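I have placed the structure first, in the form of structure tokens, so that the comments after it can refer back to it.
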Amino acid sequence: MVKCPHCGNAKVYYLVKSHNLQCKECDTDVYRFSVIAVTSFENANKSLKDWFRIIHMLLTAKKGVSAFQVHRAMGFGS
């Protein structure tokens, strides 16, 4: 269940044009948030699709994955 990260209210609705959510209680404050708010992906520079590809690599590798392997497979990082 999605809750407002500002007030914790569960009454939120989806804004079609901006693809965000808005709380019915915080409606007067115009507080909008996305589904990935208050997660480790909130301020990430990479897309969720890239993160899930990396997570899949980590979970399916038998002996683990090094940062260099992620760099070679994904094409980013240092």
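The values are calculated or read from the model by the stated rules, or taken from the named source; none is laboratory data. Since this is a predicted model, take the numbers as computed values, not measurements. Glycine also receives a Cβ, built like all others from the backbone with ideal geometry; neighbour counts cover every protein chain displayed. Surface accessibility is based on the protein's heavy atoms, side chains included, excluding ligands, DNA and RNA. Shrake-Rupley method; radii C 1.70, N 1.55, O 1.52, S 1.80 Å.
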Theoretical gain in end-to-end length, Val30 to Thr60 [0.36 nm per residue, Cα-Cα removed]: 6.6 nm
Counting only heavy atoms of protein chains, what accessible area per residue, in Å², does the chain have with a probe of 1.4 Å? 80
Partnerless cysteines, meaning none of the other Cys C-beta atoms lie under 4.7 Å away, in the chain: Cys7
Once you charge only the Cβ atoms, +1 for Lys and Arg and -1 for Asp and Glu, what is the size of the charge dipole of the chain about its Cα centre, to the nearest 20 debye? 440
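What is the extension gain from Ser47 to Tyr13, computed as 0.36 nm multiplied by their sequence separation minus the C-alpha to C-alpha distance, in nm to one decimal?
On the way: separation 34, 0.36 × 34 = 12.24 nm, distance 2.35 nm.
Here the segment from Ser47 to Tyr13 would lengthen by 9.9 nm.
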If you take the charge dipole of the chain about its Cα centre, with +1 on Lys and Arg Cβ and -1 on Asp and Glu Cβ, which of Ser47, Met74, Ile36 is farthest toward its positive end? Met74
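Rounded to the nearest 500 deg cm²/dmol, what is the calculated helix-only ellipticity per residue at 222 nm for the chain, with -39500 (n - 2.57) per DSSP H run of length n ≥ 4?
Value at 222 nm, helices only: -8000 deg cm²/dmol.
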